[in-house]
Structures are given as C-alpha cells and as structure tokens.
1. Specify, per residue and in Å³, the volume enclosed by the convex hull of the alpha carbon atoms belonging to the protein assembly as shown.
2. Pairs on different chains or at least eight residues apart, Cα atoms closer than 23 Å: how many lysine pairs in the protein assembly as shown fit?
3. Loop by DSSP (not H, G, I, E, B), at most 16 other beta-carbon atoms within 10 Å: where is the longest site-free stretch of chain A for GluC sites (Glu not before Pro)?
4. For a distance above 17 Å, tell me the whole-number percent of Cα pairs in the range A:25-155 that qualify.
5. Restricting attention to the range A:48-106, which trypsin sites (Lys or Arg not before Pro) occupy a DSSP loop and are surrounded by at most 12 other Cβ atoms within 10 Å?
6. Once phi is turned into θ = phi - 60°, what whole-Hz ³J(HN,Hα) does the Karplus curve with 6.51, -1.76 and 1.60 give for every residue of the range A:91-107, x standing for Gly and Pro?
7. In nm, give the distance between the simple-model label positions of B:L7 and B:L73, each being 7 Å from the Cα along the Cα-to-Cβ direction.
8. For every helix of n ≥ 4 consecutive DSSP H residues, a contribution of -39,500 (n - 2.57) applies; sum these over chain B, divide by its total residues, and give [θ] at 222 nm rounded to the nearest 500 deg cm²/dmol.
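Any read-out appearing in this document is the output of simple, stated calculations on the displayed coordinates, not a laboratory observation. On a predicted model such as this, the values are computed, not experimentally measured, just so you know. Neighbour counts run over all protein chains shown; Cβ positions are idealised from the backbone, glycine included.
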Amino acid sequence: MSDAHTDAVLFETTLLDSHRQQRTARATLRLRSDEDVVGLRKQVRERAVAIALSLVDQTKLVTAASELARNTIKYGGGGEVHLDALDDGMRKGIGLLFVDAGQGIPDIDMALRDGYTTGGGLGLGFGGSKRLVDEFDVDSRPGEGTAVMIVKWKR
Amino acid sequence: MERIPILRMGDLLLVTIQVDMHDRLAMQLQDDLTERIVADGAKGVLIDISALDLVDSFIGRMISNTAAMARVLDASTVVVGMQPAVAITLVELGLTLHGVKTALNVEKGMSLLGKRYR
C-alpha cells in the first residue's frame, strides 16, 4: 500500500516523517461504520499480541484506536486508518495513522482538553487517547481534513 | 436485530456482555435495560463485563448513563468483573464511572444488591 489515498487527504506530521524509515509493513482499513471500528479493534489487538505487547499496553492501544476511529467517523465524516508495523532497530512498535477529509479541528489544544466536546460526548476520547500511547501527533486543516498518528512501542 | 440478552432473576436483571460491542449495540442495551427495569419492576441491575477486553469512553458513558437511569427508576446498578488492564486504561483515559457501584465478581455483586434490597 502506498501513501497515495483513495478519498482521504494525507497531511504531514513530524512523527509521520520520522516513521517512514521505521515502517516495515502497512495495511489500510476503511472507517465508515460502527462495525469498522470493531474490525479495527480486532486487527490492532492481533498485531499487539503478535509483537508481544503487555496486556495493559494492548488494552491501552486498542482503546486509543477505538476512540480515534470513532472521531474519524463522527467528526471527519469517515476516512481510513493505516496500521504500520514499526522497527527502529532497537524495538518493535505499532503505528496507527487516522486520516479523514472532514471539516478539520479549528483549535487542537482546545480539542485535547478533557471535557471539551462539540459532539455531545464526554470530551475524553481525543485527549485521553494521547495519554494511552507513547507518541501522538496531529495535523489538521480547517475545511480539508485531519490526520492523527499514534505509536505504541514494545517495552 | 442483534441484541444483548437480559435475564431476570427475582427482582434483579442480569446482563453478561460477551461480544465486542459496537456503539449502536451499546445504545440498544441501555434502552433495553431501562425499559426492562420498568416493565419487570426490577430493583437491581447486575452488568457482568468480565468478558470485555475493552471499555472505551462510549461504553463507559453507556454504563454511567444506565446506572443513572436505573437510579431515577428506583433500581441499583452494579458492574462486576472488570479486567485489571481495562481498569488501568479507563482511569488513564479519564473515565471514573462516577456513581456506578462495582464488585469484583458476580457473587460479590449479587450480595451487594441483595444487602440493599432484602
């Protein structure tokens, strides 16, 4: 799978750039429906087990994936997620890149605050998922779309 | 349509969540439980989540809302069997399940509900 996308915009993040060299494999899933979120959770869990992440780290990564996938569907109008196998020479990791071509996030710092929501939810998913992973990066352009990248490394 | 079964035992309702719930299914369960509390005159609801390997903010909110709705319908809710990794993740995510009673397993949950109402 190349970096060219079917119907979603791909933005550059610092993290994304550094991980181009560390990526060993990539798979892409479509995010449109509730069922797609469940499918992603299953895939992420399988990959986390495959690189022997601890049970707590598996759960944190799958939960963060669930939160961000829901955001992609609810706020981004759907999009896709790239599942990357990472290897920096010292350790293995999993990178997830969520991309949508939705309305974008006008104020990322505000969106990351606990309790802040524009969708009637709890306002915990975005900021909360940042706490659950090792690396987190966002690029969003109003009117064009949003890209969120997260990484969990095997300890 | 896909549904999570609700069992009745005396004046208690028992739910064991054994599937990876998508959002619509979680909302359906919340609605079904609220209706059954009224229809069956239930005094307690026990939700067993021991088979759930993930509770994200949506499922957490469903659990909190269900407990709040049960409370105003004069029923008590106990959530039992949360896996340790799920508990760690929930707290780090920022979810506290405020107002929800918890117990380690079904037996302890039943006795918690029993003490209050019998």
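1. Measuring per residue, one finds 123 Å³ for the Cα hull of the protein assembly as shown.
2. The number of close lysine pairs in the protein assembly as shown is 21.
3. In short, A:13-143.
4. Looking at the range A:25-155, the distances longer than 17 Å represent 54 percent of pairs.
5. A:R91
6. Listing the rounded values in order: 8, 9, x, 10, x, 10, 10, 9, 10, 9, 10, x, 6, x, 10, x, 9 Hz.
7. 2.0
8. Value at 222 nm, helices only, nearest 500: -15500 deg cm²/dmol.
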